[in-house]
Amino acid sequence: MAKKPGSSRFLAISGAILGLGFSLVGSAFLGMYLGSLMDRGAPTKIYTPIGLIFGLLVGFHRAWTIIQGIMKKKK
């Protein structure tokens, strides 16, 4: 069975896109979870949204580093 010429490139790009999504969503959920754990003993429920924002920032940073790695490989 012969490989198509662009199939390995397609798999690499689709894997990177899946990695972007998982890192963004996973870090947001992890930040929310850690914030909700901190909110258990607090009178105000402020740590969950802070954890969400922090998780999204971490996820966007991770996505940016993945994109930068793809761009360096492309050159």
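Close Cβ contacts (under 8 Å, 6 or more residues apart or on different chains) running from residues in the range 49-75 that are closer than 20 Å to Arg9 by Cα and at pLDDT 80 or above to residues that are surrounded by 13 or more Cβ atoms within 10 Å (Cβ to Cβ) and of a type in the set (S, T, N, Q) comprise Ala63/Ser23; Ile66/Ser23. For the range 35-57, filtering for residues that are of a type in the set (A, V, I, L, M, F, W, C) and surrounded by 17 or more Cβ atoms within 10 Å (Cβ to Cβ) leaves 2.
Checking each residue in the range 24-48 for being assigned to a loop (DSSP other than H, G, I, E, B) and either closer than 30 Å to Ser14 by Cα or of a type in the set (D, E, K, R) (or both) picks out Arg40, Lys45.
The values are calculated or read from the model by the stated rules, or taken from the named source; none is laboratory data. Being a predicted model, the structure only gives us computed values, none of them experimental. Virtual Cβ from ideal backbone geometry, glycine too; neighbours counted across all protein chains shown.
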